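S.K.: So that we are looking at the same thing, I have put the structure below in structure tokens.
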Amino acid sequence: MIAIRAATPRDAEAIAAIYAGYVTGSTISFEEQSPDADAIAERMAAQDGFYPWLVATGTDPLGETGPGEILGYAYAGPFRERQAYRFSVETTIYLAGNAHGQGVGRLLYEALIVTLRAQGFTQAMGVIALPNGPSISLHEAVGFRRAGVIRSIGYKQGQWIDIGLWQCELAHTAMPPAEPRSFRDVGVVRA
């Protein structure tokens, strides 16, 4: 059984452990030093409850984790800093190694998207280091569409890396748009 809930500072250690493998063992993340639990907790707090951080918990189908263990996390943050972008978000998702291919990512990402819609955001952007077929498939399965590629934008592990931009329309754009609501006011919305 998989449960989706809002992440708390107590989850920072598990989130940092999941993320560390992506930072040190791949070019999926452009960070080069793995943030520790304190840094993850600071990143969560910096959102001041406005943007969602979600975790998927439960026992994976292979029985490799116990009940309540974090199988993955997803969050949203500002797409860009300038005020006119406030209706759009950039989304991120990472799964524990044993949670891949089990449907956890889709459940987690769908909950994030439904929550962002309830908050009133209009666009979600996924930024994917290329190549990354599994991430592309997940993004497209939950409604993202390819918006473009930026070539040779990051340099890590001795190579230049392209990024792909995937976009999901969360709501039709109204004139004038309503201001997005805070995650602390909306909470996790179930799909």
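The values are calculated or read from the model by the stated rules, or taken from the named source; none is laboratory data. Predicted model, so just to flag it, every value in this text is computed and none were measured. Backbone-built Cβ (ideal geometry, glycine too); neighbour counts: all protein chains shown. Ligands, DNA and RNA are excluded from the accessible area calculation, which covers all protein heavy atoms including side chains. Shrake-Rupley method; radii C 1.70, N 1.55, O 1.52, S 1.80 Å.
S.K.: Assign one of three labels to segment 1-158, namely rounded, prolate or oblate, based on the Cα gyration tensor with a ≥ b ≥ c the square roots of its eigenvalues; rounded applies when a/c is under 1.5, prolate when it is not and a/b is larger than b/c, and oblate otherwise.
M.R.: rounded
S.K.: State the percentage of accessible surface on the chain attributable to carbon and sulfur atoms; use a 1.4 Å probe and exclude ligands, DNA and RNA.
M.R.: Result for the chain: 53 percent of the exposed heavy-atom area is carbon or sulfur.
S.K.: Compute the longest continuous run of the chain that contains no exposed trypsin sites (Lys or Arg not before Pro); treat a site as exposed when its DSSP state is not H, G, I, E or B and it has at most 13 other Cβ atoms within 10 Å.
M.R.: It works out to 83-180.
S.K.: Ok, one more. Spelling out what I want: for every residue of segment 172-186, take phi, set θ = phi - 60°, compute 6.51 cos²θ - 1.76 cosθ + 1.60 (Karplus), and round to whole Hz; glycine and proline get x.
M.R.: Values per residue, Gly and Pro as x: 5, 7, 9, 10, x, x, 7, 5, x, 8, 6, 4, 5, 8, 9 Hz.
S.K.: To the nearest 20 debye, what is the magnitude of the charge dipole of the chain about its Cα centre, counting +1 on the Cβ of each Lys and Arg and -1 on the Cβ of each Asp and Glu?
M.R.: 640 debye
S.K.: Still on this model: Under 13 Å from the Cβ of residue 118, count the other residues' Cβ atoms, weight Lys and Arg +1, Asp and Glu -1, and hand me the total.
M.R.: Charge balance near residue 118 sits at +2.
S.K.: Along the charge dipole of segment 53-191, Cβ charges K/R +1 and D/E -1, which of 175, 119, 68 sits furthest on the positive end?
M.R.: Checking the options against the dipole of segment 53-191, the answer is 175.
S.K.: Could you report segment 135-189's accessible area per residue, 1.4 Å probe, as an integer in Å²?
M.R.: 62 Å²
S.K.: OK, next. Rounded, prolate or oblate, given the Cα gyration tensor of segment 79-125, with a/c below 1.5 counting as rounded?
M.R.: The shape class here is oblate.
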